[in-house]
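Only one structure is covered here, and it is reproduced in the block below.
The values are calculated or read from the model by the stated rules, or taken from the named source; none is laboratory data. Computed from a predicted structure; not experimentally measured. All Cβ positions, glycine included, derive from the backbone under ideal geometry; neighbour counts span all protein chains shown.
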Amino acid sequence: MPIEPPDTSWLFPPVDEADEYGVVAFGADLEPGTLLAAYRQGLFPMHVQRRRLGWWSPDPRAVLPRGGLTVSRSLRRSLRRFELRVDTAFTEVMQGCGDPRRAQGWINRDIVAAYRRLFDLGWAHSVETWLDGELVGGLYGVAIGGLFAGESMFHRVSDASKVALVGLVELLDDDDATLLDCQWRTDHLASLGVVEIPRPEYLRRLDRALARPLPIAFR
């Protein structure tokens, strides 16, 4: 089971004080207790222009509903190509997601180190796709109760990140209170079934999810 870190010394403002972009606050730190407090309040960290650490609560919020994953015929074929692993290459997945060649990259060394600390405590996880013994895609995020807060995904081979998402969905409990948070809706995520919900609805679902036990796969 995950190890609870010391409490954070920071107090975040209410999420309904977010600005028009969804930023609630700037600053604080990336200690494990701070990160967990943020996720439990409906926030996640992301640097603004790679410098200022912002704490975000978008409205609307992107989620993948239970049973809502869209698996195309071509993706079903791809599922047979890859090997799925969990938590065997967490840092490498983060480094893949943080490749500086990617547009709008924001995952710097501080972020990698922070989530590695969460991983070591049992709160952060990676779902990886491997092909011929090589890591070719994956995703990572934070699991708290029935919440999985997806942070980022990457691929080096077509469909590798999509297969990782399919694998994640299969690992989560099949319960209406399970919440798979995707932060922002993109065309890519929408093609997989991700939808937007208002912030108040997200917060209601978050409360339900946090009351759930952690999925067996992440204990």
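The figures follow:
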{"read-out": "Gly42 under 27 Å from Asp175 (Cβ atoms) and at pLDDT 95 or above", "value": "yes"}
{"read-out": "Complete set of residues in the stretch 173-213 that are at pLDDT 95 or above and among the acidic types (Asp, Glu)", "value": "Asp181, Glu196, Glu201, Asp207"}
{"read-out": "Any hit, the stretch 71-92, residues being over 20 Å from the mean Cα position of the chain (by Cα), assigned to a helix (DSSP H, G or I) and among the aliphatic types (A, V, I, L, M)", "value": "yes"}
{"read-out": "One residue from Leu206, Leu192, Leu180 being buried (at least 17 other Cβ atoms within 10 Å of the Cβ), touching a residue at least 24 places away in the same chain (Cβ under 8 Å) and in a loop (DSSP other than H, G, I, E, B)", "value": "Leu192"}
{"read-out": "From the options Ala160, Ala164, Ala114, Ala89, residue that is within 19 Å of Leu43 (Cβ to Cβ) and touching a residue at least 24 places away in the same chain (Cβ under 8 Å)", "value": "Ala114"}
